[in-house]
1. Look through the range 61-107, keep the residues that are under 14 Å from the mean Cα position of the chain (by Cα) and part of a helix (DSSP H, G or I), and return whichever of them is farthest from Thr21 (Cα to Cα).
2. Does the range 38-46 contain any residue that is of a type in the set (Ser, Thr, Tyr) and either at pLDDT below 95 or assigned to a loop (DSSP other than H, G, I, E, B) (or both)?
3. Would you confirm whether any residue within the range 82-91 is surrounded by 11 or more Cβ atoms within 10 Å (Cβ to Cβ) and more than 20 Å from Arg5 (Cα to Cα)?
4. Inspect the range 74-85 for any residue being in contact with a Cys (Cβ under 6 Å, 6 or more places away or on another chain), without any contact (Cβ under 8 Å) to a residue 24 or more places away in the chain and on the phi < 0 side of the Ramachandran plot and give the result as yes or no.
5. Can you spot a residue in the range 84-97 that is touching a Leu at 6+ places or on another chain (Cβ under 7 Å) and modelled with pLDDT of 95 or more?
6. So Arg29 clears everything in (1) over 23 Å from Leu113 (Cβ atoms); (2) under 15 Å from the mean Cα position of the chain (by Cα) except one condition, right? Which one?
7. Can you spot a residue in the range 4-18 that is assigned to a loop (DSSP other than H, G, I, E, B) and in contact with a strand residue (DSSP E or B) (Cβ under 6 Å, 6 or more places away or on another chain)?
Amino acid sequence: MLIERALNKDDIALLATIDRTERVHECYRVEDGKLVLYPDYHDMRGWPEGESEQDAIALLACLERGGWLWGVFDGPSLVAAAVVDNRPLHNQHLLLRQLKFLHVSHGARGRGLG
């Protein structure tokens with residue numbers, strides 16, 4: 001059974017347990033102001049060295065300044081998480097918020113959690 005809830009300071013370490021396994025066969029780049037799809041292969045397994053530790057520091061700071069951290073648990077396992085910072089980004093006279101983190105574990109994809 002899936003349980004959704006706000007994440008707290010003690011949950012931040014669990015973000016590193018999300019299985020980021022993914023095979024990417026194509027990517028996009030901007031050329032002449034347009035998105036262009038091109039072949040590019042990446043076999044992603046786990047977290048790049050040091051990334052989960054850096055994310056934990058940044059996401060704790062986000063939480064402490066009032067950011068929104070949301071998680072989905074399958075039993076005791078965190079299988080999806082989203083984080084939105086409350087610090088405004090000023091762009092073209094709009095007050096925007098930044099999506100800091102959005103991951104769904106490999107085995108939980110395709111279930112509408114992202």
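The values are calculated or read from the model by the stated rules, or taken from the named source; none is laboratory data. Treat the numbers as computed from the prediction; the structure is a model and nothing was measured. Ideal geometry is used to build each Cβ from the backbone, glycine not excepted, and the neighbour counts take in all protein chains shown.
1. Cys62
2. So in the range 38-46, the residues of a type in the set (Ser, Thr, Tyr) come out as 38, 41.
Retained after the next criterion (residues that are either at pLDDT below 95 or assigned to a loop (DSSP other than H, G, I, E, B) (or both)): none.
No, the range 38-46 contains no residue that is of a type in the set (Ser, Thr, Tyr) and either at pLDDT below 95 or assigned to a loop (DSSP other than H, G, I, E, B) (or both).
3. Within the range 82-91, the first condition is being surrounded by 11 or more Cβ atoms within 10 Å (Cβ to Cβ), and the residues that meet it are 82-88.
Narrowing further to those that are more than 20 Å from Arg5 (Cα to Cα): 87-88.
Yes - at least one qualifying residue is present in the range 82-91.
4. yes
5. yes
6. (2)
7. Kept after step one, since they are assigned to a loop (DSSP other than H, G, I, E, B), are these residues of the range 4-18: 7-8, 18.
When the remaining residues are screened for being in contact with a strand residue (DSSP E or B) (Cβ under 6 Å, 6 or more places away or on another chain), the result is 7, 18.
Yes, there is a match, as at least one residue in the range 4-18 is assigned to a loop (DSSP other than H, G, I, E, B) and in contact with a strand residue (DSSP E or B) (Cβ under 6 Å, 6 or more places away or on another chain).
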